[in-house]
Amino acid sequence: MKAGFLVKKSISTDLTSANIANVLKVLAESPAKLEELSKSASAAKLRQPLGKGERSFAEDLAHLINGEARSSEMIYQALLVNEPYVADIHPDRDWGKLLRFDLLDVPDLIAYFKTRRKVLLRILSALTEAQWARAVREEGKKRKESVYWRARTIAMHELDHLGDLEKKLR
């Protein structure tokens, strides 16, 4: 993986066209980076914990899928309904426990991640600034979160994990 492939380690919370472009760039690059990292180790190593008490690559990828799935669902609801109220479903403890993506083979997880990302990017790339500002209300939270906030959350989460995975697999 090329050094410095990631935009900034932090993307501003301000809804601007430059920040939207940064979010879209990170979201567009993540699938290829994950695929590249997955090819840097054997299938057996990808199933082994990356450190004491840590997830394996496969488990980390399932974790990213779980988080992306919940945030994407919120984005889609915000675009379809005015300020929808979404249930507080934890990406790993609830969603992941039900769907068990961690049991899939890494190539299948990568393919699934790439397909989900194509769909998300197709939708996000066509949004107006007003659509980026649409919001959801999540159970247990006082603040509303915009489409931009949720997309930024996905991007920042992936930046953190990609950096960590790169260090541990190299």
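Is it the case that the range 140-151 has a residue that's of a type outside the set (Phe, Trp, Tyr), within 20 Å of THR13 (Cβ to Cβ), buried (at least 17 other Cβ atoms within 10 Å of the Cβ) and more than 17 Å from the chain's Cα centre (by Cα)? No, the range 140-151 contains no residue that is of a type outside the set (Phe, Trp, Tyr), within 20 Å of THR13 (Cβ to Cβ), buried (at least 17 other Cβ atoms within 10 Å of the Cβ) and more than 17 Å from the chain's Cα centre (by Cα). When you look at THR153, is it of a type in the set (Val, Ile, Thr), within 18 Å of LEU61 (Cα to Cα) and either touching a strand residue (DSSP E or B) at 6+ places or on another chain (Cβ under 8 Å) or in contact (Cβ under 8 Å) with a residue 12 or more places away in the chain (or both), yes or no? Yes; evaluated as a whole, the condition is true for this residue.
Candidates in the range 75-119 are the residues that are among the small types (Gly, Ala, Ser) and closer than 13 Å to ALA62 by Cα; of these, the one that is modelled with the highest pLDDT is ALA111. Restrict the check to the range 107-116 and report whether at least one residue is part of a helix (DSSP H, G or I), touching a residue at least 24 places away in the same chain (Cβ under 8 Å) and exposed (fewer than 14 other Cβ atoms within 10 Å of the Cβ). The answer is yes, given that some residue of the range 107-116 is part of a helix (DSSP H, G or I), touching a residue at least 24 places away in the same chain (Cβ under 8 Å) and exposed (fewer than 14 other Cβ atoms within 10 Å of the Cβ). Restricting attention to the range 33-46, which residues are assigned to a helix (DSSP H, G or I), touching a residue at least 12 places away in the same chain (Cβ under 8 Å) and of a type in the set (Gly, Ala, Ser)? Selection gives SER38, ALA43.
Residues in the range 47-60 that are without any contact (Cβ under 8 Å) to a residue 24 or more places away in the chain and among the small types (Gly, Ala, Ser) were compared, and the one that is farthest from TRP132 (Cα to Cα) is GLY53. Say we look at the range 120-137 and pick out the residues that are of a type in the set (Val, Ile, Thr) and either within 14 Å of the chain's Cα centre (by Cα) or surrounded by 14 or more Cβ atoms within 10 Å (Cβ to Cβ) (or both); which of these is nearest to PHE57 (Cα to Cα)? Of everything passing the filter in the range 120-137, ILE123 is nearest to PHE57 (Cα to Cα). Specify the residue that is nearest to the chain's Cα centre (by Cα); the eligible residues are those in the range 61-78 that are in contact (Cβ under 8 Å) with a residue 60 or more places away in the chain and surrounded by fewer than 21 Cβ atoms within 10 Å (Cβ to Cβ). Only one residue tops the list, namely GLY67. Scanning the range 47-58 for residues that are within 13 Å of ASP105 (Cβ to Cβ) and either basic (Lys, Arg) or part of a helix (DSSP H, G or I) (or both) yields ARG47, PHE57, ALA58.
Is it the case, given these coordinates, that HIS157 is modelled with pLDDT of 95 or more and touching a Gly at 6+ places or on another chain (Cβ under 6 Å)?
Values: modelled with pLDDT of 95 or more: yes; touching a Gly at 6+ places or on another chain (Cβ under 6 Å): yes.
For HIS157, the condition - modelled with pLDDT of 95 or more and touching a Gly at 6+ places or on another chain (Cβ under 6 Å) - is met.
Residues of the range 87-105 that are buried (at least 17 other Cβ atoms within 10 Å of the Cβ) and in contact with a strand residue (DSSP E or B) (Cβ under 9 Å, 6 or more places away or on another chain): ASP102 alone. Within the range 64-117, how many residues turn out to be over 29 Å from ALA44 (Cα atoms) and not hydrophobic (A, V, I, L, M, F, W, C)? Residues in the range 64-117 being over 29 Å from ALA44 (Cα atoms) and not hydrophobic (A, V, I, L, M, F, W, C): 10 in total.
Looking at this structure, is ILE89 closer than 21 Å to THR153 by Cβ, aliphatic (A, V, I, L, M) and assigned to a loop (DSSP other than H, G, I, E, B)?
On the way: closer than 21 Å to THR153 by Cβ: yes; aliphatic (A, V, I, L, M): yes; assigned to a loop (DSSP other than H, G, I, E, B): yes.
When the stated conditions are applied, ILE89 passes them.
The values are calculated or read from the model by the stated rules, or taken from the named source; none is laboratory data. A quick note: this is a predicted structure, and the numbers were derived from the prediction, not measured. Every residue, glycine as well, gets a Cβ built from its backbone with ideal geometry; the counts of neighbours run over all protein chains shown.
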